[in-house]
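A.B. asks: Pasting a structure here, questions to come.
Where a number appears in this text, it was derived from the coordinates with a stated rule and is not lab data. All values derive from a computational prediction rather than experimental measurement. Methodologically, a virtual Cβ is constructed for each residue, glycine included, from the backbone with ideal geometry; neighbour enumeration extends over all protein chains shown.
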Amino acid sequence: MMTNCVKCLLWLCCLLVLGPAPVMAQRVVSKTVARTGGSWALYRQGGATYIKMDDLCRFYGFRAMKAVSRKGYKTYGAKNRYISFRAGSKDFYVNNYRYMLSFPVIASGNYLLISTTDVKKLVDPVLRPRYSRDTGPVNTVVIDAGHGGHDAGAVSAYSCEKVVNLQLAQRLATRLKKRGLRVVMTRRGDYFLTLRQRVEIANKYPKCIFVSIHHNSARTKGLGIETFTLAPQGTTSPFARKRLRTVLAGNHQDSENIALATAIHSRAIKKTGAFDRGIKRAGFSVLCSIRRPAILFEGGFVSHPKEGRKIATAAYQDLLADALCEGIISYCGVVGGRSKKLRKTRSL
Ligand SMILES: [Zn+2]
């Protein structure tokens with residue numbers, strides 16, 4: 001006889017694979033679609049479908065925990081995993097690392113609801129990356145140093161983006177080769193490549209992942225590290241203003257994209273202690289038409305008086321390169337299938 005837990009798991013798998021059952025009402029309504037030791041109700045609001053946060057937490061065996069350093073947030077978890085969220089916000093934390101949901105958490109009566117898109121495309125691949133194995137083993141890392149040639153990217157008195165992008169890319173390449181991975185650089189010197197050319201290089205390697213390296217700038221004192229993955233179909237973000245209606249090539253790897261971003265971003269924040277700007281969604285050209293797991297990593301602000309100076313130093317670049325390398329090796333082991341050549345490393 002199946003346990004309730006197994007039935008719940010099967011139901012969530014159906015939800016993830018097939019998508020939610022149709023719910024006709026446009027305002028928030030509840031529809032019980034299964035009774036498997038606790039029903040999964042679907043709610044409809046503003047064109048998105050939601051489930052109760054309580055049901056999600058029950059599925060993962062999470063219980064309410066004392067809030068982790070954030071006012072107004074609810075925290076649920078078990079053992080060494082926990083999530084934090086609040087009504088009306090897209091801010092979402094897993095183990096204290098910041099993510100940007102595609103739809104805000106909403107309050108309905110006594111319940112908080114989370115969109116099924118965010119469950120499928122963010123929460124589950126991050127909490128259970130081992131279930132994201134669709135794209136097969138990885139043997140190549142395509143490192144894309146952003147900008148180059150006449151396109152300097154962000155420039156300040158402290159550092160120049162095209163230069164620090166390439167320096168970090170080269171340090172990362174050296175480390176990955178030592179760990180047994182093949183490395184392809186989209187550019188090896190100070191010359192210009194179009195965004196399309198960068199994607200064409202990556203799409204030549206069927207067992208690759210794509211890591212685009214950039215740095216930020218701001219007129220105000222912006223600082224910190226952020227990582228972008230492609231916005232899932234049917235969603236929008238401040239960096240992909242139009243709602244993405246069609247399935248882009250990059251959407252076939254949605255789960256792997258967020259798992260790769262998590263592996264790299266969390267280690268970069270932990271190692272450097274930089275401000276965590278979060279893992280965000282975007283419709284950037286290099287992420288749209290790529291056919292392999294891909295992220296765009298922003299390693300800090302060249303415009304910030306302290307961070308900008310630090311970014312240009314070999315010591316800081318080494319620290320970041322170590323973090324990126326560890327994240328990639330971990331991703332390859334957990335999600336992308338372990339190559340025999342890869343040395344043992346921690347799981348995600
Ligand atoms: Zn850039």
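A.B. asks: Can you figure out the FRET efficiency of Asn80 with Asp318, using R₀ = 22 Å and their beta-carbon distance, to the nearest 0.05?
C.D. replies: 0.20
A.B. asks: Another question, if that's okay. List residues of segment 98-141, by number, whose backbone nitrogen lies under 16 Å from a label position 7 Å along Cα→C-beta of Thr236.
C.D. replies: Flagged as within label range: 101-104.
A.B. asks: Between Arg219 and Val247, what's the calculated FRET efficiency when r is the beta-carbon distance and R0 is 35 Å? Round to 0.05.
C.D. replies: The pair Arg219/Val247 has a calculated efficiency of 0.45.
A.B. asks: Let me ask something else. Compute the FRET efficiency between Arg130 and Asp151 as 1/(1 + (r/R0)^6), taking r as their Cβ-Cβ distance and R0 = 30 Å, and round to the nearest 0.05.
C.D. replies: Given R0 = 30 Å and the Cβ-Cβ separation, E is 0.15.
A.B. asks: Then there's this: For a bin width of 5 Å, list the pair-distance distribution of segment 143-279 built from all Cα-Cα distances, rounded to whole %.
C.D. replies: Calculated P(r), rounded to whole percents: 2, 9, 15, 21, 23, 19, 10, 3, 0.
A.B. asks: Too long at a 21 Å Cα-Cα cut-off: which of Lys90/Lys121; Lys120/Lys207; Lys71/Lys271; Lys177/Lys207; Lys66/Lys221; Lys178/Lys207?
C.D. replies: Lys120/Lys207; Lys71/Lys271; Lys66/Lys221
A.B. asks: Next up: Restricting to bridges with both residues inside segment 140-334, how much of the DSSP beta-bridge set is antiparallel, in percent to the nearest 5?
C.D. replies: Here the share of antiparallel DSSP bridges comes out near 20 percent.
A.B. asks: Given the options Gln197, Thr262, Asn251, identify the residue whose Cα lies farthest towards the positive end of the charge dipole of segment 171-264 (+1 on Cβ of Lys, Arg; -1 on Cβ of Asp, Glu).
C.D. replies: Value computed over the given set: Gln197.
A.B. asks: Let me ask something else about it. Subtracting the Cα-Cα distance from 0.36 nm times the residue separation, let me have the gained length for Thr194 to Lys66 in nm, one decimal.
C.D. replies: 41.2 nm
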